[in-house]
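Participant: Can you keep this structure in mind? I'll have questions shortly.
None of the figures in this text is laboratory data; all of them are computed from the coordinates on show. Quantities reported herein were computed from a predicted structural model and do not represent experimental measurements. Don't worry about glycine lacking a Cβ; one is built from the backbone with ideal geometry, like all the others, and counts go over all protein chains shown.
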Amino acid sequence: MAYTLTGRRGGTVRFVPMQNGVVEKESESYSSSVTSNPVEGGADINDHVNNAAGKLTISGTIIGGEAAITALKDMRDSRDVIAYTGKVRMGNLVFTSLKFDYSYKNKNGASFSATLTKILTTSPEYVPMNTKKSMTSQDSGKSKKKQLKKTKKAGLKMKSSQTVSSASKEKYKAVNLKKCSLAPLTRQTGGYSGIR
């Protein structure tokens with residue numbers, strides 16, 4: 001049986017007995033934590049379970065050169081997302097621990113142990129922009145709608161649908177504004193309701 005570690009960026013390390021090494025031991029582990037909230041009666045309420053990420057621990061021996069050692073180090077250093085295939089099959093793994101033990105008994109290799117932790121990934125949310133015209137194209141007069149063309153022509157000028165007579169303006173000033181030396185404008189009465 002061949003054991004492989006396949007990275008998204010770093011390629012594949014394949015352990016084949018009598019060629020470059022073997023994985024001797026695989027170990028899966030899963031853990032959970034339970035929330036504990038005290039209540040007045042003296043007991044705790046345990047109402048949530050949080051599952052921790054799964055872990056895979058592998059150990060074995062590398063023989064016949066340092067190619068596999070270098071490849072494993074590169075996967076770890078580049079934070080590569082790995083899929084493991086052996087007796088256990090797991091995907092979306094990253095190295096959280098990688099250890100090599102060198103000995104005179106294995107001159108061209110090393111024994112190794114690695115801990116890989118399962119990760120969850122998501123994709124970022126996005127809104128497709130090609131469904132409707134953007135506001136900038138509408139404001140620049142490229143829209144065929146009449147109201148938007150009027151907005152473009154008006155620019156920053158204010159348009160009013162109602163005019164105020166000059167007599168009304170003078171009445172407003174006479175009631176609400178009085179010149180004073182302390183302040184440029186003060187109110188003569190509490191307010192102006194528009195009726196005199």
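Participant: Relative contact order for segment 1-75: what is it in percent, counting Cα pairs under 8 Å that are at least 6 residues apart?
Facilitator: On the way: 112 pairs, mean separation 25.0, N = 75.
For segment 1-75, the relative contact order is 33 percent.
Participant: Within segment 9-37, whose backbone N sits under 13 Å from a point 7 Å along Cα→Cβ of ALA67?
Facilitator: So the set is 12-16, 19-21.
Participant: Please state, to two decimals, what the Cα-based radius of gyration of segment 1-119 comes to when divided by 2.2 N^0.38 Å (N = residues).
Facilitator: After normalising by residue count via 2.2 N^0.38 Å, the value is 1.38.
Participant: Now, a different point. Any chance you could run the full-extension gain for THR117 through TYR30? It's 0.36 nm times the residue separation minus the Cα-Cα distance, nm to one decimal.
Facilitator: 30.3 nm
Participant: Here are some pairs, LYS55/LYS105; LYS25/LYS107; LYS25/LYS105; which of them have Cα atoms lying more than 26 Å apart in this structure?
Facilitator: LYS55/LYS105
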